[in-house]
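The structure appears below as structure tokens.
Any read-out appearing in this document is the output of simple, stated calculations on the displayed coordinates, not a laboratory observation. Predicted model, so just to flag it, every value in this text is computed and none were measured. Positions of Cβ are generated from backbone atoms using ideal geometry, with glycine treated the same way; all protein chains shown enter the neighbour counts.
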Amino acid sequence: MSRHELERVLSKRGACSRTQAREWIRAGRVSLRGRVVRDPSLWIELEETGLCLDGQPLAALERVYLAFHKPRGLITTRSDPEGRPTIYACLGELSEWIAPVGRLDLETSGLLLLTNDTRFGEWICDPRSGIEKVYRVEARPRLSDEALAQLERGVELSDGPARALRVEKLGDRGPCTRFLMTLDEGRNREVRRMVRAAGSKVEKLVRVSIGPVQLGELRSGAHRALTREELRALGWPRPSRGSRAR
């Protein structure tokens, strides 16, 4: 068995985020073996069976893994102090607690994974997973072939050097250059900053794939469940500690 802080156990079971868990615990909504617990940092077993929320046993929820086509103009947080619309306006009456895996900024659209499995989210975001993300970029003014090659060789950003694994030119359209760029990390606004370092500015940015998961024909604002084959290709589930790969 593994032990974690109470707030993390609620999150790992897919009930809520750690921030929400802290709020619920301090509000007295969580009990352990019949006694209300108000300390989010209390260490308990992940598999603890005497955990209740609002008096109801907190069983591990069914794991949910979704591909979502994030529209441009939405943010990926649950709420926003500025009142801007969020992706949750598109998710309807999903009963499970769902969180985005990583982020896409306000002006970026495309593929976003959603889950209530925090370990899955951590794996996808871990650079050691080697999971590639492909973006379709439209940049203005046009970028020369040499500038596109520079993106593969590497550019210097404020938080260190960055390089694309691959850049594939799709062609020029008017004053813009269109290309695909593949990364294996996800730093904040990385694509936009790399393109700026190469001498242009992103006009349109769409993430079209994450590893084997393709945006495909999924319409803007819609979601679908990931297939077992997609999860396996993403390396999920991970082998448990101490198990041997077969």
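Values computed for the structure shown
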read-out: Whole-number D in µm²/s for the stretch 140-246 (Stokes-Einstein; Kirkwood sum over Cα pairs; 25 °C, 0.890 mPa s); value: 151 µm²/s
read-out: Contact order normalised by residue count of the stretch 3-57, Cα under 8 Å, 6+ apart, percent; value: 39 percent
read-out: Dipole magnitude (debye, nearest 20) for the stretch 132-210, charges at Cβ of Lys, Arg, Asp, Glu; value: 340 debye
read-out: Set of lysines near K133 by C-alpha distance (under 17 Å), chain-local residues within fewer than 8 positions excluded; value: K70, K169, K204
read-out: Long-range Cα-Cα pairs in the stretch 158-204 (distance over 16 Å), rounded percent; value: 38 percent
read-out: Surrounding net charge for R207, when Lys and Arg each add one and Asp and Glu each subtract one, Cβ distance under 9 Å; value: +3
read-out: Gyration tensor (alpha-carbon) shape descriptor, the stretch 1-126, a/c threshold 1.5; value: prolate
read-out: Given charges at beta-carbon only (K, R positive; D, E negative), |dipole| of the chain in Debye; value: 140 debye
read-out: Long-range amide H partners of A99 with built H, under 5 Å; value: T115, N116
read-out: Qualifying GluC sites (Glu not before Pro) in the stretch 14-102, DSSP loop, other Cβ atoms within 10 Å at most 10; value: E62, E82, E93
read-out: Shape of the stretch 3-57, Cα gyration tensor, a/c cut at 1.5; value: rounded
read-out: The chain: calculated mean residue ellipticity at 222 nm from DSSP helix runs of at least 4, using -39500 (n - 2.57); value: -5000 deg cm²/dmol
read-out: Among A21, L6, C52 - extreme Cα towards positive end, dipole of the stretch 1-107, charges at beta-carbon; value: L6
